[in-house]
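Please read the structure below before turning to the comments.
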Amino acid sequence: MDFTTGEKHKKELAEILEKRLVKEKNTVIYKELIEDNLPSFFKNFIQNRVRKLFHTDEPLQIKYSNRYDFNYERIKELKAKLQEAFEEATIFSKDDLKDIIERTVSLQFDLLVNPQDTLLNIFYKNKSERTQTEILQILGNLEDTRLYTQRLIDEIKDFDHFHIVKEDFNSISKKIAEDIYENELTKSFISDVEAYIDFQNVIAQSTENEIGLDVLGLLLNERDLEKYADAFDQKSNKEKLGVNEIYSLLKDYSEKVSENYIEHVEDEIEEFIVSSVQTNGSDDSEEEEVTVVEDESESAATPEEKSEKHHPKILFGKEPQDFIIDKSIIEHQPDVQLQPLDVIFDDKSKRLIERKIFNRDSEAFENFLNKLEAVDNWKEAKKIIDKELMIRSIQPFSREALKLGDLLFIRYFPEKN
């Protein structure tokens, strides 16, 4: 996190809340605090603090005796009211409140700006594992409506182990973040922006609908979305942007990025012809129509012949002009029955692509294959491949990306294999 930007805003927000709650007083009674419209994160923390103080200091003590029925309804009712009165009368010094405000504002700020690392620290700072119940209770108490948090709650509910270790929680959290910011960028990021604006408003008791550009940049950086910062550069002369304006700029820019990416990486078909096609999961390539001429009588060869032996001649069997690519001919897809993708993909290739491109998400991989199964021409298939590589941030010329393209090319141009 950008220390300067983050700490600056934490300090500013804490000072606003302190001025609002403490005013010029040296002490504040708890009843006065809870009657104010408190931010939920502060209210939860201070309620727990009061209850802990009550049971620790034990201002109310009743000596039990067999002579009295302490389950008598009126005694129970009066005892509960007396306990509530003691809690309401709990006194906080100015320094106590300042400390609580700084801690709660800082924690809530971190949860909004960098929820993954902050939640990981909350749950696993002092424990190696947590139960589903514990995690769900804490997440529910946050009253967080962001897409990330709601998906996290759903995933934790569906997790197949009651105890969740740090590594599993981190993996779940990371996978959710990758998914929502790749596939639902505008929706998820706007939910983050709105949550931060609500956080500011509840502290300052305002109804603003804008966020500072510096905080906007911080939110992008913490989500590895720095490349979208250019969407807001044209507004650099402004200090704040409204939600609707952010939505519009981000939506237009993300669509532009997607179009530019596909246009940039849409290789010509001939690139797949001259590249080696591996059909058996082998890493070794074999060039087509290449003959290596070797001399069988190596022992009798002259020095010049031996030199040629170490650098064998490559005979293509055709004249150079025969290799000039006629694009109109190449792009003509042959009229053949397409093989099912289950036939095209061997087990080793499936494992490689599922692991390297789909991050072991077998369901996403199957959905991708089902989408391609219905496509009967190479151009449309190539667009689907390019889009998938783009949203998963896979380099188009990586080994796994080329492998995927090569295998699918075979389906539409089997005679090239």
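The values are calculated or read from the model by the stated rules, or taken from the named source; none is laboratory data. Everything numeric in this text was worked out from a predicted model, so none of it was measured. Here the Cβ positions follow ideal geometry from the backbone for every residue, glycine too, while neighbour counts run over all protein chains shown. With ligands, DNA and RNA removed, areas are computed over all heavy atoms of the protein, side chains included. Shrake-Rupley method; radii C 1.70, N 1.55, O 1.52, S 1.80 Å.
With respect to being surrounded by 12 or more Cβ atoms within 10 Å (Cβ to Cβ) and among the β-branched types (Val, Ile, Thr), residue 46 fits the description. Candidates are the residues of region 359-416 that are more than 26 Å from residue 172 (Cα to Cα) and of a type in the set (Val, Ile, Thr); the one that is nearest to the chain's Cα centre (by Cα) is 384.
For region 185-210, the candidate set comprises residues that are under 14 Å from the mean Cα position of the chain (by Cα) and of a type in the set (S, T, N, Q); within that set, the residue that is farthest from residue 251 (Cα to Cα) is 191. When 230, 224 are checked against the criterion of being of a type outside the set (A, V, I, L, M, F, W, C), modelled with pLDDT of 75 or more, under 21 Å from the mean Cα position of the chain (by Cα) and on the phi > 0 side of the Ramachandran plot, a single residue qualifies: 224. Looking only at region 141-172, residues that are part of a helix (DSSP H, G or I) and among the hydrophobic types (A, V, I, L, M, F, W, C) come to 6 in all. Just to be sure before I move on: is residue 67 in a loop (DSSP other than H, G, I, E, B), at pLDDT 90 or above, surrounded by fewer than 11 Cβ atoms within 10 Å (Cβ to Cβ) and charged (D, E, K, R) in the structure I sent? Judged against the criteria, residue 67 is a match.
Tallying residues that are assigned to a helix (DSSP H, G or I) and surrounded by fewer than 17 Cβ atoms within 10 Å (Cβ to Cβ) within region 373-409 yields 8. Report yes if residue 41 is open to solvent by less than 50 Å² (accessible area, probe 1.4 Å), outside any loop (DSSP other than H, G, I, E, B), closer than 30 Å to residue 201 by Cα and at pLDDT below 90, otherwise no. Considered against the rule, which asks whether it is open to solvent by less than 50 Å² (accessible area, probe 1.4 Å), outside any loop (DSSP other than H, G, I, E, B), closer than 30 Å to residue 201 by Cα and at pLDDT below 90, residue 41 comes out as yes. Scanning region 74-85 turns up no residue that is touching a Ser or Thr at 6+ places or on another chain (Cβ under 8 Å) and either under 30 Å from residue 149 (Cα atoms) or at pLDDT below 95 (or both). Selection of region 32-50 for residues being over 20 Å from residue 95 (Cβ atoms) and more than 37 Å from the chain's Cα centre (by Cα) yields only 35.
Report yes if some residue within region 315-337 is open to solvent by less than 100 Å² (accessible area, probe 1.4 Å), of a type outside the set (Gly, Ala, Ser), at pLDDT 50 or above and in contact with a Leu (Cβ under 6 Å, 6 or more places away or on another chain); otherwise report no. There is no residue in region 315-337 that is open to solvent by less than 100 Å² (accessible area, probe 1.4 Å), of a type outside the set (Gly, Ala, Ser), at pLDDT 50 or above and in contact with a Leu (Cβ under 6 Å, 6 or more places away or on another chain).
The residues listed here are 88, 143; of these, the one that is out of contact with any Ser or Thr (no Cβ under 7 Å at 6 or more places or on another chain), surrounded by fewer than 17 Cβ atoms within 10 Å (Cβ to Cβ) and among the charged types (D, E, K, R) is 88.
Note on region 204-228: among residues that are closer than 27 Å to residue 36 by Cα and assigned to a loop (DSSP other than H, G, I, E, B), the one that is most open to solvent (accessible area, probe 1.4 Å) is 207. If the condition is being hydrophobic (A, V, I, L, M, F, W, C), within 30 Å of residue 250 (Cβ to Cβ) and either in contact with a Leu (Cβ under 8 Å, 6 or more places away or on another chain) or open to solvent by 70 Å² or more (accessible area, probe 1.4 Å) (or both), then region 147-184 contributes 152, 153, 156, 169, 172, 176, 180. Pick from region 1-38 the residues that are aliphatic (A, V, I, L, M) and part of a helix (DSSP H, G or I): which of them is farthest from residue 99 (Cα to Cα)? This residue is 34. The set of residues in region 91-134 that are free of Cβ contacts under 8 Å to residues at least 24 places away in the same chain and open to solvent by less than 40 Å² (accessible area, probe 1.4 Å) contains only 118.
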